[in-house]
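Written out below as structure tokens is the structure these notes cover.
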Amino acid sequence: MSARAIMIQEMALATATGARSVQAAELVDGDAELLQAIAGGDRAAFDRLSRRHLDRAYGVALRMSGSRADAQDVVQDVFLRLWQRPESWRPGQAQFSTWLYRVVVNRCLDLKRRPKGADLDSVDEPQDPDANAEDNLLNMERNRALDSAVNQLPERQRAAISLTYTAGLRNAEAASAMDISVKAFEALLVRAKRELRDLLAGQGWMQP
């Protein structure tokens with residue numbers, strides 16, 4: 001289990017009350033069955049659902065917020081609420097993963113509108129030198145330029161980029177996560193990619 005999953009599970013289980021003993025969550029595979037088990041207090045089901053969706057949810061939160069600390073806060077809050085209120089997702093309205101990304105995006109948008117101080121976790125740790133230090137440095141600079149460009153996009157364009165390239169959703173799924181039509185999402189994604197190209201070209205990373 002990743003460190004993020006451990007952190008989220010421990011917080012959820014520490015704050016929840018009346019949880020029942022672990023059941024055989026390994027016997028079910030679908031998200032709906034796992035959520036049903038979670039509603040019954042099954043900690044193993046929560047652990048399995050977290051393993052399945054946490055990394056991509058964190059990736060979307062990180063891309064949306066631009067801060068590791070904020071992204072961790074978002075997914076911690078989202079998964080904690082999921083443990084406490086698994087009935088929040090209603091089968092038949094959307095796939096669980098689509099619903100989850102919608103909650104993560106909305107939580108990030110709320111967080112971005114709040115004033116905050118400097119984030120020490122956003123400072124990159126020094127990298128160990130090696131034989132490919134020059135290439136690594138170039139890749140780091142390119143990634144930083146891309147992150148900076150994404151962070152300059154309007155919120156909805158940033159969400160479209162995050163859901164498509166970080167979460168790997170198809171257009172229909174991403175549109176559902178943003179609660180807009182597929183046509184509107186596709187237009188939004190085109191504008192986002194065009195804006196990204198312009199921003200990166202202005203920094204010398206792409207041809208205009």
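The values are calculated or read from the model by the stated rules, or taken from the named source; none is laboratory data. Just so we're clear, the structure is a prediction, and the values are computed from it rather than from any experiment. In this analysis, Cβ positions are derived from the backbone assuming ideal geometry, glycine residues included, and neighbour counts consider all displayed protein chains. The protein model used for the area step is the full one, side chains on, heavy atoms only, and it has no ligands, DNA or RNA in it. Shrake-Rupley method; radii C 1.70, N 1.55, O 1.52, S 1.80 Å.
Just one of the listed residues (159, 167) is open to solvent by less than 90 Å² (accessible area, probe 1.4 Å) and modelled with pLDDT of 90 or more, and it is 159. Residues in region 49-96 that are buried (at least 18 other Cβ atoms within 10 Å of the Cβ) and of a type in the set (Ser, Thr, Tyr): 50, 58, 65, 67.
A single entry from 55, 77 fulfils the requirement of being at pLDDT 90 or above and closer than 18 Å to residue 168 by Cβ: 55. Taking first residues from region 159-173 that are among the aromatic types (Phe, Trp, Tyr) and partners that are open to solvent by 10 Å² or more (accessible area, probe 1.4 Å), the Cβ contacts under 9 Å between residues at least 6 apart in sequence or on separate chains come to 165/63.
If you go through region 177-195 and pick out every residue that is closer than 20 Å to residue 99 by Cα, part of a helix (DSSP H, G or I) and open to solvent by 40 Å² or more (accessible area, probe 1.4 Å), you end up with 4. Scan region 17-33 and tell me whether some residue there is assigned to a helix (DSSP H, G or I), modelled with pLDDT of 85 or more and among the charged types (D, E, K, R). Looking through region 17-33, at least one residue is assigned to a helix (DSSP H, G or I), modelled with pLDDT of 85 or more and among the charged types (D, E, K, R).
Within region 34-65, the set of residues being closer than 30 Å to residue 148 by Cβ and in contact with a Lys or Arg (Cβ under 9 Å, 6 or more places away or on another chain) comprises 54, 55, 58, 61, 62, 63, 64, 65.
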